[in-house]
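Working notes, beginning with the structure itself.
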Amino acid sequence: MSTIVMPVPDAEVIERKDQIVAALCAALPAETVISDAFETRAYECDALTAYRCPPLAVVLPRTTEEVAIALKICHDMGVNVVPRGAGTSLAGGSLPTADSVIIGTARLRDTLEIDYDNRFIRVQTGVTNLSVTGTVEEDGFFYAPDPSSQLACAIAGNIAMNSGGAHCLKYGVTTNNLLGVRMVLVTGEIVTLGGAHMDAPGLDLLGVICGSEGQLAIVTEATLRILPKPEGARPVMIGFDDAEVAGDCVARIIKSGVLPVAIEYMDRPCIRVVENYAKAGYPLCEALLIVEVEGSEAEIADQLDRITALAEPLGPVEIRVSKSAEESAAIWKGRKSAFGAMGQINDYMCLDGTVPVSALQFTLKRIGELAIEHQMEVANVFHAGDGNMHPLILFDANKPGDLERAEAFGAAILGVCVDVGGCLTGEHGVGIEKRDLMIRQFSPDDLEAQMQVKDVFDPHWILNPAKVFPLAASAARRQRQH
Amino acid sequence: MTAPLTPDSEDALCDVVRAAAAAATPLRIVGGGTRSGIGRPVAAATPVSTAGLSGVTLYEPGAMTLIAKAGTPLAEIEALLATERQYLAFEPMDHRPLLGSNGTPTVGGVVSANVSGPRRLRAGACRDFLLGLRFVDGHGRLVKNGGRVMKNVTGLDLGKLLCGAYGTLGIVTEVALKTLPRPERAATLVFDGLTDAQAVALFCKALGTPFEVSGAAFVDGRALLRIEGLTDQVGYRIDRLTQLLERPDRTVIKGADHTRLWDDVRDVRTFADSTGSVWRLSVKATDAPAITSALQQSLGAQTVLDWGGGLIWARLPQDAPAAAGAHIRQILAPLGGHATLIRAGADLRAETDVFQPEPAPLAGLSAGLRARFDPQNILNPGLMAV
């Protein structure tokens, strides 16, 4: 058994399943409602697969209006709703409970408007992150946030988790690229926030919707900023035999005035696994940086010259500047296969605490010490430019007690991240995974202020309850719902 | 005027707010006072100043992070960043020339009003650079949100709510901002003799290129396109843009004149030392020509465009009717976007919706948030919404 507890499902709601399903089927087309116990199993978990529970029913509406109908029925019948995009959350953000109805965006897949003059695209939120870029790239544009799961993850989930990616050092995360939404409130009311203009008329409600993990509303349409594609991009790979020097190199690059689009970091355990798997030709050293810059050929050459000039005096074991598309692909190949390579040899848990760039070295050192203390293995691969760590804790899911040990080690690492001035999660979200760790980062008053925002949007706490906020802190609010 | 209360610590400020909440005494929150003319007048309130909460508490150029107390003068921060060749990339506007106000802009005021400038177009607004903050809500509780790191999705993003809330949800006491390296070089392409429509068409074309145009404004019949970057980059981009836009007749401004040029755009200098009310309209860029044309014809407005057309500044003649605001919003209604009255006498601000009225469900959410964060309605009451 694992250590994250979910509330006991409401037996009274489960008993009313037929009635609830009948109400949904009466108001919605038959193919949008899934209630068969065999079929709902497909929705029992997201990418945090250690936790599973089939929902009461699943609704996959085809329009915003159908989302509104489904949500209003659940609201009126006192049934909890778990919003779901593509189900790729690593934090259990879309984990169902036995007494909940999933409302998913899987069938909301239309592109509604493309406007190159004003540089935005309006889509239904069930489209995948990568397909947004796919829609506009032939015309020379792209959508900047690029989470690793971009092939599968939906814009709905990107908005819920305020997703980032490797390139957010330059382009920002979802909240910086989201201009507007159409969304459904718990009452079934459909509202629009923002649009093609660049700021809010009053309170920035859009700002608090983004990253709210399905706690406030269900977003069905999004207006996203698209950008002209850069003329080109090339990376340089720099290996160091001292993690501290690598961290120093990152800070020097940032301070120098060159703003790379990405600075990625891999430590020795990660390099070893990746080399065995992808044969990317990485030097086996303590720390490997991949620094990518953009621009015209001359601009790229200028920036890479500056970066290598900063790195050389630090005594790197290797500097490899890409000179072609093939060489760029080879440098990125290992980094991009890191998670897959790790998955081949082990089960792993991926954390995403973020620390100040100045605390990277200390944090890495502490993670190493904690690994010895907890007798666990860990590999580090992360976005160094913005301090977003991704320690991969290796464990064996089939070995009793191993997941619990991994979770305990993970909690200790996130504690270090908070202690050095960082946070529990940089881009994955809190979900259930880090819910009860929130008290490490926030005071009761801090949490109360956040929960009262939920009170306003969702007075009965039916949207994605038992996520984000520590169970103890939200207990009274969740219990008063019926 | 009553001398403001000047608490010198967050704890002292909490005490002030708790006492005011208990007595239901309205508070008027004062930073440097340079933007106190924005919003509905706050009636008969005790002023509370952030002047006692001042100073940069952390600056790490290698981490692009600055933390400062709310009352810190913006100039002090900008001077400190300059020593490391960094800056606040959102280019906060100085409202003093436009509003004819005195005082010293503070970082707390910049955040509370989400003040940005021409570079908002490319770099983002103040809210996009706000990494975290601390504030005292209307209960007198100290709340922190966000943090000091570049990526943070831990819990709800209250920073965005507070940024631009003009103190109505809480009194900001400390902010963490992302800094960026200052561009090595900058230059501006100038195109004369264009109409609003021609200027916006030019902006759309230029902003659709990968040359990272960081300013696109149309002032006094001149369209301006700003290019910034590394030394070699700027020349290259100027050349490429000139070719692409097929406008060899453009002129180029750089050097000291260049800094002044964009400071003037940022601060809407064109409308300084003038009379009449000034509105700020946020719209879809390609809608701007139709809107400015309507404003000019029906209200005799003088207009300036920024953000490639997405931001319209409109000065109305002094004898414009009191209902001009309603008329402006009628022009916007079929198109989307919103209008805010930025400069006007207290009487006009008292009888006009200074901020765009929201549709009922959204107004309900905003009112609900204010009621939770400030149940006694003591923080700048009425400034944003009655």
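Brief remarks follow.
- Förster-model FRET efficiency, 25 Å R0, B:THR251 and B:ARG185, C-beta, rounded to 0.05: 0.90
- Equivalent-ellipsoid semi-axes for segment A:346-436 (Cα gyration tensor, √(5λ), whole Å, largest first): 21, 14, 11.
- Net charge, A:ASP241 excluded, C-beta distance under 11 Å - Lys, Arg +1, Asp, Glu -1: -3
- The angle between the Cα long axis of helix B:288-299 and the main principal axis of chain B comes to about 70°, on a 0 to 90 degree scale.
- Spin-label model, B:ASN102 to A:ASP396: label points 7 Å out along the Cα-to-beta-carbon direction sit 7.8 nm apart.
- With a simple spin-label model that places each label point 7 Å from the Cα along the Cα-to-Cβ direction, the separation between A:ARG252 and B:THR242 comes to 3.7 nm.
- Aspartates and glutamates with Cα under 13 Å of A:LYS17, excluding same-chain neighbours fewer than 8 positions away: A:ASP36, A:ASP99
- Average Cα contact separation per residue, segment A:24-103, under 8 Å, 6 or more apart, as relative contact order %: 38 percent
- Placing unit charges on the Cβ atoms of the charged side chains and taking the dipole of chain A about its Cα centre, the candidate lying farthest along the positive direction among A:ALA341, A:THR3, A:TYR282 is A:THR3.
- Rounded, prolate or oblate (a/c below 1.5 giving rounded, otherwise prolate when a/b exceeds b/c) for segment B:98-154 by Cα gyration tensor: oblate
- Pairs of C-alpha atoms in the protein assembly as shown farther apart than 40 Å represent 36 percent of all such pairs.
- With the simple spin-label model, which puts each label point 7 Å out from Cα in the Cβ direction, the A:CYS53 to A:THR187 separation comes to 2.9 nm.
- For chain A: relative contact order, % (alpha-carbon pairs under 8 angstrom, 6 or more apart): 14 percent
- Using R0 = 41 Å, the C-beta based FRET efficiency linking A:LYS229 and B:VAL56 works out to 0.60.
- Pairs with C-alpha atoms separated by more than 22 Å, drawn from the list B:LYS151/B:LYS178; A:LYS365/A:LYS467; B:LYS69/B:LYS178; B:LYS178/B:LYS205; A:LYS467/B:LYS151, are A:LYS365/A:LYS467; B:LYS178/B:LYS205.
- Cα-based shape type of segment A:233-339, given that a ≥ b ≥ c are square roots of the gyration tensor eigenvalues and the cut on a/c is 1.5: oblate
- With every protein chain in place and a 1.4 angstrom probe, the accessible-area ranking of A:PHE469, A:PHE142, largest first, reads A:PHE142, A:PHE469.
- Environment charge of A:MET77, counting only residues whose C-beta is closer than 14 Å and scoring Lys/Arg +1, Asp/Glu -1: -3
- Mean Cα-pair separation over length for chain B, i.e. relative contact order, pairs under 8 Å, 6 or more apart, %: 20 percent
- Difference of contour (0.36 nm per residue) and Cα-Cα distance, B:ARG260 to B:LYS205: 17.2 nm
- Kirkwood hydrodynamic radius of segment B:185-266, Cα pairs, Å: 12.6 Å
- B/A buried area, accessible surface, summed, 1.4 Å probe, Å²: 6600 Å²
- Average beta carbon contacts from partner chains per residue of B:111-120, 10 Å cutoff: 1
- Anchor A:LYS454: aspartates and glutamates whose Cα lies under 13 Å away (excluding residues fewer than 8 positions away in-chain): A:GLU213, B:ASP157
- Using a Förster distance of 22 Å, the FRET efficiency for B:ALA290-B:ALA371 (Cβ separation, nearest 0.05): 0.05
The values are calculated or read from the model by the stated rules, or taken from the named source; none is laboratory data. Nothing here was measured: the structure is a model prediction, and the numbers come from that model. For neighbour counting, all protein chains shown are included, and Cβ atoms are generated from backbone atoms with ideal geometry for every residue, glycine included. Ligands, DNA and RNA are excluded from the accessible area calculation, which covers all protein heavy atoms including side chains. Shrake-Rupley method; radii C 1.70, N 1.55, O 1.52, S 1.80 Å.
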